[in-house]
Amino acid sequence: MNNLLVLPLLIPAFTGVILIFLKESIMLQRIISAISVFVNIAIALMIVYQVKTDGIQTLYMGGWIPPYGIVFVADMFAALLVLTTAVVGAACLFFSFASIGEERERHYYYTFFLFLLTGVSGSFLTGDLFNLFVCFEVLLVASYAMIVLGGTRVQLRETLKYILVNVISSSLFVAAIAYLYAATGTLNMAHLAVRVAESGQGGVMNVIAVLLLLVFSLKAGLLLFFWLPDSYSAPPAAVRALFGALLTKVGLYAITRTFSLIFVHEMGLTHSLIGWMAGATMILGAIGALAYNDLSRIFNYNIVISVGFIAFGIAVATQDSLSGVVFYLMHDMVAKALLFFLGGLILAASGTEQLRLMGGLIRRYPWTGWMFFVLALALVGVPPLSGFAGKVMMVRSGFGEQHTVLALIALASSFVVLYSLVKVFQQVFWGGEKNEEEIRPRHYKAMMAPAAVLFILVILMGIGAEWVNGYVSQAGTVLADPAAYINAVMKE
């Protein structure tokens with residue numbers, strides 16, 4: 001057993017509780033939060049190293065062996081996502097220091113921030129469906145507070161919509177868990193894989209599988225993304241970055257884990273459905289990205305396109321495509337956080353989100369402009385940047401496995417991403433300057449620092465893709481053949 005596995009949950013949760021009692025000490029809140037996220041990065045690095053050298057790590061709470069107790073499991077897939085979450089969370093925290101404002105800081109912003117990281121990391125590490133539900137609820141409750149914090153009319157309206165959608169999806173999740181437990185007598189994921197294989201995936205099992213897919217799709221924004229563009233536009237840039245980078249990825253992780261481990265015996269139904277949903281999501285997301293001319297909605301529809309692209313890789317379900325899913329998830333978490341950081345900088349410099357009211361910012365903010373341009377190329381998948389390797393693996397597998405239509409839609413969606421972001425780059429940074437309002441240099445530099453860190457990561461992940469692939473391929477191997485995961489958890 002490896003006690004390190006619980007620390008990515010305990011450290012931010014314990015820190016968040018401490019910060020409740022430091023409401024008026026903003027500087028102390030910042031210092032303690034910063035220490036917490038750096039410790040979390042160190043723990044995540046240790047977990048990745050141990051999984052690389054010693055294989056899948058497990059922790060049985062209270063010493064109870066599955067299926068009777070709570071288990072945390074770190075294979076390379078979970079470990080890499082926990083590490084990426086820790087890094088992105090640290091960047092978002094430092095961006096918050098510069099941009100979130102003292103009013104929100106005094107109303108427990110950092111407590112909710114750390115609780116959200118607790119829920120995200122817990123979702124990646126849990127080996128039990130019920131605990132996955134619990135971690136979902138932890139991160140959702142924190143996200144409710146972070147959306148509404150500030151109390152503007154738009155925030156209140158979008159919070160109601162966001163809460164309503166997630167209450168419905170959580171209710172369906174509980175129902176699916178109840179049906180699954182009634183049918184199998186267990187909720188441990190590895191044990192579920194064994195029970196479903198023994199009983200056969202037909203009839204009621206297929207109904208439960210589709211219900212779980214519906215639940216996770218609502219949370220990921222896969223086809224059922226009607227709530228996402230407006231809800232993610234309501235909070236400030238730091239919160240948008242955190243949401244865009246992490247929240248949809250938890251739903252995608254749940255789909256990947258469930259439909260590569262448990263429900264793998266009727267792929268003609270489940271994975272075909274995922275594929276159709278992926279194609280529709282990419283098409284609808286592309287339409288949204290082309291239709292709007294305000295910054296936040298263009299960025300949010302780019303989130304939708306990436307969700308569809310990742311789901312396409314899940315639907316293909318080869319070892320190569322699943323390795324691509326892992327690589328692209330890591331890239332997208334970093335790149336989307338950076339995209340919203342740069343969006344926050346643009347908003348601070350121009351005072352508006354309407355593209356028609358912007359222009360000429362490249363003269364005052366050349367670093368922001370060229371970082372945005374390079375990031376656009378990374379999101380499209382131009383080599384040698386971080387988006388290239390994952391896209392190549394997924395598209396190559398799509399063509400090789402006769403998913404030609406989906407692969408073509410995925411390629412076309414990449415061109416839409418390129419067009420939409422180049423349009424932003426052209427209208428925001430070139431032409432005549434339409435707003436002479438200056439952003440304070442200290443403010444600008446403080447916001448640029450975490451953006452620069454993520455920008456360097458985007459480049460390094462691309463240049464070092466072969467090295468990163470050594471870890472990613474280990475994750476893809478377990479996803480494509482989950483016997484190692486099952487044996488490690490069940491001690492067989």
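The values are calculated or read from the model by the stated rules, or taken from the named source; none is laboratory data. Because the structure is predicted, anything quoted here is derived from the model rather than measured. Cβ sites come from the backbone with ideal geometry, for glycine too, and all protein chains shown count toward neighbours. In case anyone asks, the SASA skips ligands and DNA or RNA and just uses the protein heavy atoms, side chains included. Shrake-Rupley method; radii C 1.70, N 1.55, O 1.52, S 1.80 Å.
Below are the figures for this structure:
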{"item": "When residues of region 363-386 are limited to those that are part of a loop (DSSP other than H, G, I, E, B) and touching a residue at least 24 places away in the same chain (Cβ under 8 Å), the one most open to solvent (accessible area, probe 1.4 Å)", "result": "Arg363"}
{"item": "Which listed residue, of Gly308, Gly360, is part of a loop (DSSP other than H, G, I, E, B) and of a type outside the set (A, V, I, L, M)", "result": "Gly360"}
{"item": "Residue match in region 209-224 (condition: more than 18 Å from the chain's Cα centre (by Cα), in a loop (DSSP other than H, G, I, E, B) and at pLDDT below 90)", "result": "no"}
{"item": "Complete set of residues in region 117-155 that are open to solvent by 30 Å² or more (accessible area, probe 1.4 Å), in contact with a strand residue (DSSP E or B) (Cβ under 9 Å, 6 or more places away or on another chain) and not in a helix (DSSP H, G or I)", "result": "none"}
{"item": "Among the residues listed as Leu180, Leu164, the single one being in a helix (DSSP H, G or I), open to solvent by 30 Å² or more (accessible area, probe 1.4 Å) and either over 22 Å from Leu222 (Cα atoms) or out of contact with any helix residue (DSSP H, G or I) (no Cβ under 8 Å at 6 or more places or on another chain) (or both)", "result": "Leu164"}
{"item": "Selection within region 471-489 - assigned to a helix (DSSP H, G or I) and open to solvent by less than 30 Å² (accessible area, probe 1.4 Å)", "result": "Val472, Ala475, Gly476, Val478, Leu479, Tyr485, Ile486, Ala488, Val489"}
{"item": "Count - residues of region 321-356 that are closer than 22 Å to Phe124 by Cα, charged (D, E, K, R) and open to solvent by 10 Å² or more (accessible area, probe 1.4 Å)", "result": "0"}
{"item": "Matching residues, region 317-353, being touching a Lys or Arg at 6+ places or on another chain (Cβ under 8 Å) and charged (D, E, K, R)", "result": "Asp320, Asp332"}
{"item": "Tabulated pairs, region 149-168, first within 13 Å of Tyr232 (Cβ to Cβ), second among the acidic types (Asp, Glu) and assigned to a helix (DSSP H, G or I), C-beta under 6 angstrom, 6+ apart or interchain", "result": "Glu158/Asp230"}
{"item": "Selection within region 284-294 - farther than 18 Å from Val380 by Cβ, assigned to a helix (DSSP H, G or I) and in contact (Cβ under 8 Å) with a residue 40 or more places away in the chain", "result": "Leu284"}
{"item": "Verdict on Ser99 being at pLDDT 95 or above, farther than 14 Å from Asn40 by Cβ and of a type in the set (S, T, N, Q)", "result": "no"}
{"item": "Every pair of residues 6+ apart whose Cβ atoms lie under 7 Å, when the first sits in region 28-41 and is within 17 Å of Ala98 (Cα to Cα) while the second is surrounded by 22 or more Cβ atoms within 10 Å (Cβ to Cβ) and among the aromatic types (Phe, Trp, Tyr)", "result": "Gln29/Tyr110; Ser33/Tyr110"}
{"item": "Residue that is surrounded by the most Cβ atoms within 10 Å (Cβ to Cβ) [pool: residues in region 263-283 that are in a helix (DSSP H, G or I) and in contact with a Ser or Thr (Cβ under 7 Å, 6 or more places away or on another chain)]", "result": "Met282"}
{"item": "Within region 72-86, tally of residues that are aromatic (Phe, Trp, Tyr) and out of contact with any strand residue (DSSP E or B) (no Cβ under 6 Å at 6 or more places or on another chain)", "result": "1"}
{"item": "Any hit, region 10-19, residues being open to solvent by 40 Å² or more (accessible area, probe 1.4 Å), at positive phi and aromatic (Phe, Trp, Tyr)", "result": "no"}
{"item": "Matching entry among Ala190, Ala176, Ala234 (being among the small types (Gly, Ala, Ser), within 29 Å of Leu80 (Cα to Cα) and touching a residue at least 60 places away in the same chain (Cβ under 8 Å))", "result": "Ala190"}
{"item": "Inter-residue pairs, beta-carbon under 7 Å, first touching a residue at least 40 places away in the same chain (Cβ under 8 Å) and in region 4-15, second of a type in the set (Ser, Thr, Tyr) and surrounded by 20 or more Cβ atoms within 10 Å (Cβ to Cβ), 6+ apart", "result": "Pro8/Ser121; Leu9/Thr118; Leu9/Ser121; Pro12/Ser36; Pro12/Thr118; Ala13/Thr118; Thr15/Ser33; Thr15/Ser36"}
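Conditions tested, residue by residue: (1) at pLDDT 95 or above; (2) open to solvent by 10 Å² or more (accessible area, probe 1.4 Å).
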| position | (1), (2) |
| --- | --- |
| Leu4 | no, yes |
| Ile26 | no, yes |
| Ile31 | yes, yes |
| Leu45 | yes, yes |
| Met61 | no, yes |
| Val87 | yes, yes |
| Cys92 | yes, no |
| Arg106 | no, yes |
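Let's see how each residue does on (1) in a helix (DSSP H, G or I); (2) closer than 19 Å to Phe95 by Cα; (3) of a type in the set (Ser, Thr, Tyr):
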position	(1), (2), (3)
Ile298	yes, no, no
Ser321	yes, no, yes
Val326	yes, no, no
Lys336	yes, yes, no
Gly344	yes, yes, no
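For (1) under 30 Å from Gly360 (Cα atoms); (2) within 22 Å of the chain's Cα centre (by Cα); (3) in a loop (DSSP other than H, G, I, E, B); (4) modelled with pLDDT under 90, each residue gets a yes or a no:
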| residue | (1), (2), (3), (4) |
| --- | --- |
| Met393 | no, yes, no, no |
| Arg396 | no, no, no, no |
| Val417 | yes, yes, no, no |
| Ser420 | yes, yes, no, no |
| Asn435 | yes, no, yes, yes |
| Glu438 | yes, no, yes, yes |
| Ala452 | yes, yes, no, no |
